[in-house]
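Comments concern the structure below.
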Amino acid sequence: MSEETIFSKIIRKEIPADIVYESDNILAFRDINPQAPVHILIIPKIVLPTVREVKGSEHALLLGEMYDVANKIAVQEDIAADGFRLVVNCDKNGGQDVYHLHMHLLGGRQMKWPPG
Ligand code: AMP
């Protein structure tokens, strides 16, 4: 998969982002339109447009690293103890706008259920 989105430009540092974590495989940066006091996007550097392109046999380590990074950032942002929410939107009904797989890390306030 090689579809480019604005996130590819952020990965290549062609457009600015408030980056909070970077490794060889993962980038995390603050959402430009935060929905909570802490709202960070955790993305793989390879392009997987949606959850539907994720294969356990190929991407298990990458997904594991995304969860590790979420936990690390939650501690860094001081939201780990009170709890947080991880969201991955998929396609139209899931409310996905950017077709580059990303995990939203949301925290710093009480979340509601069911989500909108
Ligand atoms: P989704 O609706 O799950 O595809 O989420 C896409 C998210 O990307 C939204 O929360 C946007 O606010 C966020 N976003 C879009 N462009 C940027 C950008 N340039 N920098 C940071 N976040 C962005």
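Quick look at the numbers
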read-out	value
Members of the range 1-44 that are in contact (Cβ under 8 Å) with a residue 40 or more places away in the chain and assigned to a strand (DSSP E or B)	20, 21, 26, 28, 38, 39, 40, 41, 42, 43, 44
Test: residue 105 is at negative phi, modelled with pLDDT of 95 or more, outside any loop (DSSP other than H, G, I, E, B) and within 16 Å of the ligand (Cβ to nearest atom)	yes
Test: residue in the range 20-30 that is within 9 Å of the ligand (Cβ to nearest atom) and in contact with a helix residue (DSSP H, G or I) (Cβ under 9 Å, 6 or more places away or on another chain)	yes
Residue match in the range 68-78 (condition: touching a residue at least 24 places away in the same chain (Cβ under 8 Å), surrounded by 14 or more Cβ atoms within 10 Å (Cβ to Cβ), away from the ligand (no atom under 11 Å from the Cβ) and outside any helix (DSSP H, G or I))	yes
Test: residue in the range 45-52 that is touching a strand residue (DSSP E or B) at 6+ places or on another chain (Cβ under 7 Å) and surrounded by 12 or more Cβ atoms within 10 Å (Cβ to Cβ)	yes
Criterion (within 15 Å of the ligand (Cβ to nearest atom), charged (D, E, K, R) and assigned to a strand (DSSP E or B)) met by exactly one of 85, 52	85
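The values are calculated or read from the model by the stated rules, or taken from the named source; none is laboratory data. Treat the numbers as computed from the prediction; the structure is a model and nothing was measured. Here Cβ is always computed from backbone atoms with ideal geometry, including for glycine, and neighbour counts include all displayed protein chains.
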